Every structure is written in C-alpha cells, then in structure tokens.
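Encoded as structure tokens, the structure appears first; notes follow it.
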Amino acid sequence: MTGYPLLSILILQSLISAIWIVGSKYQRAQVITYTSTLISILISILIFFQFNPNSFEMQLTESYTWITHWNLNIQLGIDGISLPLILLTVFINAVIITATSSMVNQHITKYWALFFVLQAMVVGVFSANNAFLFYLFWEGMLIPMYLCIGIWGSNLRSYAAIKFFLYTFFGSVLMLLALIYLSIKAGSDNILGFYDLPLSMHEQVLILIAFMFVFAVKVPMWPLHTWLPDAHTEAPAGGSVILAALMLKVGAYGFFRFCLPVTPDACSEYAFVLIGLSLVAIVIIGLVALAQTDMKRLIAYSSVAHMGFVSLGCFIIFPIFKSTGHLPATHLAISGAMMQMITHAFGSGAMFLAFGMLYDQLHSRLIADMGGIAQIMPKFTAFFMVFAFTNIGVPGTAGFVGEFMVLISTLEASVWITLLAGLSLILSASYTLFMFKRVFFGPVIIEHVSHLKDINRSQQIALSVMTAGIFLIGIYPNCITHLMDQTVTHLVQTSLQAKV
Amino acid sequence: MIKSVALITWLAPLLGALMAGLLGEKLGPKNTHRFTIGMVTISLLGALYLSSIFIIHSSDPIFAKLFTWIDSNTFIIEIGIYLDALSVIMMLVVAFVSLLVHIYSIGYMAGDEGYCRFFSYVSLFTFAMFALVGAQNFAQLFFGWEGVGVVSYLLIGYYFTKPSAVNGGLKAFLVNRIGDLGLLIAIALIFYYVGALDYPTVIPMLEKFDQDILYLGLFEINGLTLIAFTLLVGAMGKSAQIPLHVWLPESMEGPTPISALIHAATMVTAGVFLICRMSPIFDYSPAVLNLILIIGSTGALFLGLVGIVQNDIKRIVAYSTLSQLGYMIAATGASAYTAAMFHLLMHAFFKALLFLCAGSVIVAMHHEQNIQNMGGLRRELPITFVCSLIGTLSLVAFPFTSGFYSKDSIISAVHHCYLPAASYAYMCLLLGAGATSIYSFRSLFLTFFGKKRFTGAVSEPKWQITFPLIVLAIPSLFLGMSSVGLFFIGNIFGNTLSTSTIANAQMKLLSHEFANPLLSGIDALFHPAFYFMILGFVITLFCYITNHETFNRIKPSLKRIAYPLEMKFGFDWFNDHIIVRSIIQFSRRLYRYLDKHVIDEGIILGLAKRCLQASYTFKIVQTGYVYHYASMTILSLFLIIFFVLYIGI
C-alpha cells in the first residue's frame, strides 16, 4: 500500500461524496453518505498504519504543481501532530453523521454534504504543507460552518452565523499578509521552509501578532472568545460538535505549526502575556460558566476554559526553559497540550452531542426547564455522566490526561501558575456537577420532562463510541502519545532554538 | 504467582462492577449480588494470600505491573499493584470490609429500584480503593484517589430524587476537590524535584533535597516543607480534617452500608495512608508536623463535641469518625506512623461495625433515624445490641478491646512527642476521650435503653444484616490484643514507614509500653485517658439512665453551651453564606459585566456599530444624481491639477 496518495484520496473522496450526495435523492444519498463515511474511516486507518511514529519528518508526502506562474505547488504530508487530528476529524465526522441526522428535519442531503465538505477542509488544513494551500483550506472551512449555523441553527441563527463568520474572518487577512511575507522571504511557500528562516525580532513580533489574531480567535483565547458561546448555542447539534471538536483545534494546530517554530523568539518574549491570557481563560471563564442558566452556553464556556490548557501548555515551555533549562518538562507540556486538544473533543464534543439529543426532544436550552431527567432517561443519564466526568478531568477518563500533563509541567515555571491553573480542578467540577445536579437529579418538576423518551438504539451506539474513546484514551493514553513523541521532541528543539 | 494473584485481587471487583452495571438488568438482582460477592471473595482470598507472604514472611516489596499507562520521553508511568506490608494490610482490610458490606447490602437494599447499580458502585469502589492503596506511583495514586471520590459522590447521591442526598454528594465532591488540588500540586512538586513519580525512586531522591529552598516570589520556603504541606492539604480533604471536614456529615445521606465501607473504614482513611506512605518526607518538616498535630487534635476534640448534640443515629457515628480521624492524623503528627496505621485498622473494624449496627437499627425501625424516637430496643434487637455494645466499648477505648490498644498508643505517642504543639494536642486528645465516651454512650442509651418512644413492633433484621455484625464484632473485640505485639514489637511495616530518629524513638517507646498486652490493659488504670472515659460514662449514665428527670430539668440552661455545638461551630454557615454565595455572585457579575457588557457588547459589537455608523456617514455622498457625481469629478480634477502644479509631487 505504500506510495498511494492517501491524503489527497481522503480529501477528494470527501469532496466527491459531498457533490454526489447533493445531486442525489434522499434514499440514494443516505446510502452514499454511510458508505463514504465507512470509506473515510478505512482510508484513515490505512493512513494510520502507513505512518511511522519513529520519525519526526513529514510522511505520506505528495507534491503536485499547481500554478506554475507563481511557483505554487500542492504539497501534502503529515507528522505526529497532524495525524491524531486527522484521525479525530474522520472519527468525529462519522459520529456526527450517524447521530445527528435524525435531528435534522430539513435539507437533510445538504446537511450530509456539508459535513463532507467540512471534513475535506479540516483534513486539508491538517495535511497542507504549503502556506497557500493551508490558507485555502482554512478559509474553505468557514463557508460550510457558516451555512450550517445559518440554515439549521435555532432562533438567533443569522446573528450567530454572521458574528462567527466576521469574527473568524477578521484575522485571516493578517495571516495572509504574514504568509505572503514569509513566502517571499523563503522563496517558496513550503511551511517547513519557514522554520529555518532567519527573522529579526521585529519581524517575528509582527508575524506573531498577525498569526495570533487568527489563531487566538479560533482557539479561542480570552478576550477573543465571545463569538463562541453564540455560535455554539445557535448551531445545530452537529455544528456544535464540529465546532468544539475540530474547529477550535485548527487554531491550536496553528500554534504548533506556525507560532512556535516560525517565531520562537517573539513567543518567548511575549509568553507571559499568552500564559496570562490562558490562565484568565481557565479561571475567569470557569467562573463565568458557573453563572450560566443556558445549558449549551455553559458547555460552550467550559469548552473555552478547557482550551486554556492547550494554549497554556503551548507557551509555558518558554518560561520552563528559561528557569530550569529542562527539556523533558517542555516535552511534557507540549504533549499535554496536544493531548488536551484531542481529549477536549471527547469532553466538550461528547457533551454537545448528548445535549443535542436532549434538545431534540425538549426544545429548550434552559436549565430551569429541566430537572429529574435521570428518572426518565436512565441510559442517557449514564452516558452524560461519563461525559461530565471527562469534562471534570477524572483520572481514567480522557479529560484527565492532558490537564495532568500540562499541570505538572507548569510547576517548573512557577508554583503560582500551577495553583491558578489547578483551580480548574475545583471550577470544572463545580460548574459541571452543579449543572448535572440541576438537569438530571431531583424530582421531576416540569411536566414536559416526564414525557421524554430515553435515547434510541442508534443514539446509544454513537454515545457508546464516544464513551469507548473516552476510556481508551483515559486508560491507555500511550496510544496517542507514542504517535507524536518524535514530532514533539523535534518541535520543542526548533521552538527553543533562538533565531535572533 | 504473587504478581498474578495481586492483579486478580485488584481486577476481580472491577469485573464484578462492570457485570453488575452493564448486565445487571439482564442478570436480575440475585445473580448480580452473587456475582459481585463472588468477585469480592476472590479479592479477599487473594489479599489473605498476599498478607501471609508480606506479613508473616515479610518479603521485599514487589511490583506487579499490569501495563504502561504512558511512556513519552522521560515521563513513564506504570500501572499495577505495588506490594509491601503497608499496601497489603490495607488491601486485606478493604477486601474484608467490602465483602461484609456486600453481604449486608443484600438485606439492606432488598427491593430497591437501583439494586444492581448499587452493587456495581460498591464493587467499583473496592476496585478504586485497591488502585489507591496499591499504587506504585503518584499518577495511579491520584487515579485511585479521585476514583474513590467519584464513587463516593455517586453513592452519596444514590437516592438521586432526594435533594439533600444530591447536595450532599456535590458538596463531598467539591470539598474533596480542594484537597485534590493540594495533592496535585504536591505531585507536580515531586515531579519538579525528582523527574519521576514512582515511589521507589521518589522517596530516596527527595530526601536529598532537604535543604532546598523554593522561591515563591513573595516569600521563600523549604521545598520539602511545601511538599509535605500540599500533601497534607490532600490528606485533609479525603480524611475530612478541619476545615475540610464539612462534607462527611452530609455524606450520611447515602445508604448506610456505604457509610460503613467508604465513610468509616476505607476511603476517609486514605489521607492517613498517604501521610504514612510519604512519612519520610513529613519527618523532614517539623513545621508541618506541628500543623498536623494541631489540626488533628482539634478535630479529635471539637468534632467529637459536636457529636454530643446530634440526634440522627448516623450523624453521631459520622462525627465520631471525624473525631477518630483526628486521632489518626494527630498520631502521624507525632511521627507515630505505626500507631496511626494501627488505629486506622482497628477503627475500620469497630466503626464499620457501629455503622452497620446503626443500619440494622434503621432497618428495624422502618427507616427512622432519630434516636429521640427510639429507646428500649435491647430486648427486640439482642444481636444488634450486643454488637453495638462491643463497638461502643472499642470506640471509647475500654481496656482490652481493640480500640483501647490503638487509641492508647496514639495518646502516649503524642504525650511523648517533643514538638511545641504536642502539649496542646495531648490535652485535646485526652478531653476528646471524654467526649467520645459521652456521645457513644448517649447514643447507646437512647437507642437501646430506657422507655420505648415509638409505636409499632420491631424485630431483628434478616441474617444477611446480622451476620456481618457478628463477624465484625470479633476483631473489634480481640484483634487489638492479639496484634498489638505484631505492630509495635514485630514492626510489621519495617522500613516502608519512616525510619527517622523521632519515628524510631516513638516505636521504641510503644514497643516498650505494649510489651505485654494484658499488663498494658491493666496499666490503663494509671493513665488519665481511662478516667476521662469513665467520667464521660458516668455523666451519660447520670443524664440518661439514673437521673433522667433532673437532666431534663437542667436541659434548658445547657442550651446556651450547646448552641455553638448545634451550629457545628459555624463552618456550614460560613461556607454556605460567605464562600459559596460570594463565588456565585462574583461569577454572575463577571458574566454580566465583564464578559457580556464590556467585551462582547462594548468592544466587539461596539466596533461593529462604529463601522456601521461610518458606513451610514459615507452613504450621504452616494446620492445617485448624475450632476452630483459630475461636479464631484470636476472638483477633484481641479484639486489634483492644483496639487500637481503648485506642490509638485
């Protein structure tokens, strides 16, 4: 199987399926949808087996000429950072398609097609080795997401869709400028070529600012997070899951792919600002989540708070290196941040998915409209409890791994950072279980709740798959860390080498 | 062989939990309890086998590895069971009490809607507790630590339609999480110093850092002191020490069998276990030892006093647990780690016994828990009464009972401790012995003696309930006398506990004092603790049996003294009204003003609004009339020519 262009096959397959689905009638579209989901999974499994975890180099590389006039190529390839994210993308997409189709009551074929376009774009972002290809996929992601919120969202969908689009589009121009500048300087737009580019401090700072405007919005880092609660609450269940599980990750992926290796000195210089913002996200947003009365908004804020650990783990390596010169701890921090990216998909993503199933019957997002659901929907409650525990970061579930790794590495920089970030232990438990209590426990007060039905078979399967993922990562995180070990080591070395 | 036995012992309850939880409905209640009990029996047999190796033959520590949790660069964590005297003894106790609680639950939970769920949780708890005590590294310890917390949360909130139960569970989890934060920081500090998390590497390596100073910005602190302090915070959460004790009384909302297992015998002693496990580190930090002495002994006295005014039969036992945990913690503060472990084990038996007796009474009384509505039950419930009496005697440290040996060893260890806080601690522990005696006998008298204060018939519950009582009564009575020599003279823990000079001096003292168990029982007559206990007994006898009328007459005047006790010293009030309320208000304000008002509406939407306004302003120019555009063009043309000609760009 070596030598097949698996990455482009995966991207093209998703795109072709999308077009085919739109052009077909419902019955046939359904068959195509599920078959292509299976094919995507198969291709990603092949990619997984082709990948050699003992190398930090780009693998499964492909190169095609694109626009000869401007010397632009299409280069694809993956390393240990992008592979887990590509697997995650295909996995989450499959779960969304199986679980949320029954919740959509109009334009179902277009809904399916949209998610295949999204899958193509997100896989493209994670596998692009060219700056312009990356940019193309990056912008390409926005359109299906915008449509998803705008068409299938709830009442305030058009406001949320526009807010989402403008907010995330805003920084893109700056990123494009930065990419053009880097490409001209490097002579080609290959991203790996940017890494050894000698850049002055001044250049690095400007480039970092440009990158930050786009990546920090996506992650999102405080105070650029306010698009997220609106987008999440108004999006349909599938859209929320994609947002939480994948769209936020591309922002953090940008940190690893661009910010750290391209502008290491600027990152090092301003690490304290970025760490500060991450801590604010963890603590302040954690508190804000506590005050929510809308269940979906609460999950959205908790999602922001958890992503704080990704940016924290990402930028903490500079103070660690400065204060101790200790490489293993920086490796731990970056691996922890990477783990957190993946496990966050199983925490917030799974909670959004489960919430979608509840909303489908209840048609209300307010916590006050619920209560006592545990009696009516025992199976659903059991699943949600697992998701709540992974959101809290209980050991043995996925949510623990990333947070634990980041937290114990931060101490090498300062005890105070660990203490502040560690408050998340208490805060996440507070808002999650406080919500859980109000939604699921207690007597049934609202009459509407007593008419709910427990989840059906296909929903159970989708949630079981998520649960299996949660426990697999929680009990055996090595299955992911060993994929990225070499790449992380390499990344840490490039990021801690001063360019100036 | 040993390794596979250890792993089977650990994993059998997990299998039971999974079967009961996932297939319980299909299996039916009878098969579910059979299966889970079978699994726990396997654990008990395994634990017996292991203890025969590690206690009788005192083998070297063995690590039975199951798999590698993570192996990333230098961060390697292995999961399995670490076997030494300390972990094996804990496993034995956990398996023993767990098995009895499983059997007891057949009777206690009969007919309950969530029967299988209950058994699943209890087995899961057993598994998590094994993970905690058998951890080889701090990551697995943290897994067990949080795991038992989660199961405790689930079991306290077992009756999830009852708001008080749900709130109790939530409170327990959150308060425990404060302690967990302490433990997590301790783990991070250890990783910072040692670069590894497994005990065999950590403890010898850490001892080399006893002079290391950590700069914390505002102040500086000895690294080991900070580690010991943060570990103590962790222990305080789980072992319910002041001020993190508030969750334990509320945990009584759960079913009684789990109160016996989790909130008396095993989980709450995890903090004591942790301190003993890390005892070499604690011995390097006298400041923290002083703090431990103060916290432990204060809890031992004052929380015992609160127990005197309680009327719920389970809450009395809960406050008694708080007080006894205080004794254990105080013992660790005096570097008498063996005494702390000894009391932990004896307490596991007699406190589990007392809880299960309380449960038996509750079942017999058709779920009445107020002791003011009981009375005279000794004739109807003879087995429960005798077992309660044995448990009570052991709890108040009546000579020759198990509790006597363990508690007396703690009191004399604290008495002979040279730390500045030791004299305060000694006073508290002595007075605490009196308080223990008062609340224990009060509960016993009000429940089993005097007149009946209820209507209806009561009878002894089924054998599943009484059998565990009898089994537990035996060790509560005799185990202390028979094993005290093993602990203090035989030194079963060897060098798994600290071997510092102070710890060794304490061991020597205790081995001297308990050289002959019979003689030391008689020796109690020369110890003040004995007289405090007798004093408590006499007071209670006077108040509730012989001169009940006189007591009732002077009761109103005692109200004022009892007020702080009834308020539980205001901890609950402070937490609910000050801490929780202010956090919730603060979070609401943060959301409303900072997040919504300033960032979203102020900056982001404000920016959008400005853009919109600007575009309206420029709209005026776009009139759509051709002559406006034409005149504009001509005017611009003139301006351009003017600039080009005169300024010459």
(request) Please report the base-10 log of the normalised intensity I(q)/I(0) for the range B:1-132, using a Debye sum with one equal scatterer per alpha carbon and no solvent, at each q in 0.09, 0.19 (1/Å). (result) -0.29, -0.97
(message) Please enumerate, by chain and number, the lysines with C-alpha under 26 Å from the C-alpha of residue B:555, excluding those fewer than 8 residues away in the same chain.
(response) B:314, B:451, B:452, B:568
(message) Residues of the range B:161-198 with the amide nitrogen closer than 18 Å to a label point 7 Å from the Cα of residue B:578, along Cα-to-Cβ, please.
(response) B:175
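So what is the relative contact order of the range A:6-496, in percent, for Cα pairs below 8 Å that sit 6 or more residues apart?
Values: 820 pairs, mean separation 78.3, N = 491.
Over the range A:6-496, the number comes to 16 percent.
In square nanometres, what is the average projected area of the Cα convex hull of the range B:270-316?
Values: hull surface 15.5 nm².
Computed as one quarter of the Cα hull surface, the answer is 3.9 nm².
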(request) Taking every Cα atom in chain B, find the radius of gyration and the maximum pairwise distance Dmax, and write them in Å. (result) 31.0, 121
(message) Considering only C-alpha atoms, what is the centroid distance from the range B:475-551 to the range A:444-483, in Å?
(response) 52
(request) Starting from the exponent 0.38 and prefactor 2.2 Å, build the expected Rg for the range B:72-224 from its residue count and divide its actual Cα Rg by it. (result) 1.29
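Students often check this: by mean Cβ neighbours within 10 Å, which of A:173-182, B:213-222, A:9-18, B:263-272 ranks highest, and how do the rest follow? Intermediate values should be presented prior to the final figure.
Working: A:173-182: 18.0, B:213-222: 11.8, A:9-18: 20.3, B:263-272: 28.1.
Ranking the peptides A:173-182, B:213-222, A:9-18, B:263-272 by packing returns B:263-272, A:9-18, A:173-182, B:213-222.
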(request) Give the Rg/Rh ratio for the range B:346-551, taking Rg as the radius of gyration of the Cα atoms and Rh as the Kirkwood radius, to two decimals. (result) 1.03
(message) If packing is taken as the average number of other Cβ atoms within 10 Å across a peptide's residues, how do A:33-45, A:228-240 rank, most packed first?
(response) A:228-240, A:33-45
(request) Rounded to the nearest 0.05, what FRET efficiency do residue A:61 and residue B:601 give with R0 = 56 Å and r taken as the Cβ-Cβ distance? Could you check? (result) 0.75
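Find, to one decimal place in angstroms, the Kirkwood hydrodynamic radius of the range B:365-447, where the mean of 1/r is taken over every pair of different Cα atoms and then inverted. Could you put the intermediate results ahead of the total?
Values: mean 1/r = 0.0690 Å⁻¹.
It is 14.5 Å.
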(message) Quick check: Cα centre of the range A:1-38 to Cα centre of the range A:312-382, how many Å?
(response) 30
(message) Suppose the chain between residue B:53 and residue B:462 were pulled fully straight at 0.36 nm per residue; how much longer would it get relative to their current alpha carbon spacing?
(response) 143.6 nm
(request) Once you have a ≥ b ≥ c as the square roots of the Cα gyration tensor eigenvalues for the range A:74-184, tell me rounded if a/c is under 1.5, and otherwise prolate or oblate according to whether a/b is larger than b/c. (result) oblate
(message) Sequence gap at least 6, Cα distance under 8 Å: using those rules, report the relative contact order of the range B:32-125 to the nearest whole percent.
(response) 36
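Just want to confirm a number: the relative contact order over chain B, from Cα pairs under 8 angstrom separated by 6+ residues, in percent. Don't skip to the answer; put the middle values down first.
Working: 1069 pairs, mean separation 75.0, N = 649.
Relative contact order here is 12 percent.
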(message) Quick check: from the Cα gyration tensor, does the range A:139-184 come out rounded (a/c under 1.5), prolate or oblate?
(response) prolate
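Highest mean first, what order results for B:2-14, B:286-298 on Cβ atoms within 10 Å?
Per-residue Cβ counts within 10 Å, averaged per peptide and sorted highest first, yield B:286-298, B:2-14.
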(request) Order by neighbour count: A:227, A:66, A:416, fewest other Cβ atoms within 10 Å first, most last. (result) A:416, A:66, A:227
(request) Provide the three semi-axes, in whole Å and in decreasing order, of the ellipsoid equivalent to the range A:300-407 as defined by the square roots of 5 times the Cα gyration tensor eigenvalues. (result) 35, 13, 9
(request) With just the Cα atoms of the range A:291-332, tell me how far they stretch along each of the three principal axes, in Å, largest first. (result) 45, 15, 9
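Based on the Cβ-Cβ distance of residue A:324 and residue B:427, what FRET efficiency does E = 1/(1 + (r/R0)^6) give at R0 = 60 Å, to the nearest 0.05?
Values: r = 46 Å, r/R0 = 0.77.
That pair, residue A:324 with residue B:427, gives E of 0.85.
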(message) From the alpha carbon gyration tensor of the protein assembly as shown, can you work out the equivalent ellipsoid semi-axes (sqrt of 5 times each eigenvalue) and give them in Å, largest to smallest?
(response) 60, 32, 28
(message) Counting other C-beta atoms within 10 Å, and keeping those with at most 15, which DSSP coil trypsin sites (Lys or Arg not before Pro) do you find in the range A:402-474?
(response) A:453
(message) Once you order the gyration tensor axes a ≥ b ≥ c over the Cα atoms, which shape class does chain A get: rounded for a/c under 1.5, otherwise prolate or oblate by comparing a/b with b/c?
(response) oblate
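For the pairs A:296/B:596; B:351/B:508; B:171/B:462, flag any whose C-alpha to C-alpha distance is greater than 23 Å. Write down the numbers at each step before the final one.
Details: A:296/B:596 16 Å; B:351/B:508 28 Å; B:171/B:462 34 Å.
Flagged as over cut-off: B:351/B:508; B:171/B:462.
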(message) Under 20 Å between alpha carbons, and skipping anything fewer than 8 positions from residue A:322 in its own chain: which lysines qualify?
(response) A:499
(message) Need one number for the range B:571-647: average projected area of the convex hull over its C-alpha atoms, nm².
(response) 9.2
(request) Just report the Cα centroid separation between the range A:41-56 and the range B:124-172, whole Å. (result) 38
(request) Return B:100, B:301 ranked ascending by Cβ neighbour count within 10 Å, so the fewest neighbours appear first. (result) B:301, B:100
(message) Using a 10 Å cut-off around each Cβ of peptide A:420-427, what is the average number of partner chain Cβ atoms that fall inside?
(response) 4
(request) Could you check the simple spin-label distance between residue B:616 and residue A:472, using points 7 Å along Cα→Cβ, in nm with one decimal? (result) 5.5
(message) Between residue B:22 and residue B:2, what is the label-point separation in nm under the 7 Å Cα-to-beta-carbon projection?
(response) 3.3
(request) With no solvent and one equal point scatterer per Cα, compute the Debye intensity ratio I(q)/I(0) for the range B:144-267 at 0.14, 0.21, 0.22, 0.23 Å⁻¹ and report its log10, rounded to two decimals. (result) -0.67, -1.06, -1.13, -1.20
(request) Hey, can you grab everything whose amide H is under 5 Å from the amide H of residue B:83? Only 5+ residues off in sequence or another chain; H modelled, so Pro and N-termini drop out. (result) B:62, B:63, B:64
(request) Give me the distance in nm between label points sitting 7 Å out from Cα along the Cα-to-Cβ direction at residue B:41 and residue B:67, one decimal. (result) 3.0
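How would you rank A:169, B:643, going from fewest to most other Cβ atoms within 10 Å of each one's own Cβ? Let's see the in-between values first.
Working: A:169 14, B:643 11.
The most exposed by this proxy come first: B:643, A:169.
We did not get these values from a lab; they are worked out from the coordinates using the rules stated. Fair warning: this is a prediction, and the values are worked out from it, not measured in the lab. Heads up, the Cβs are rebuilt from the backbone with ideal geometry, glycines too, and the neighbour counts pull from every protein chain shown.
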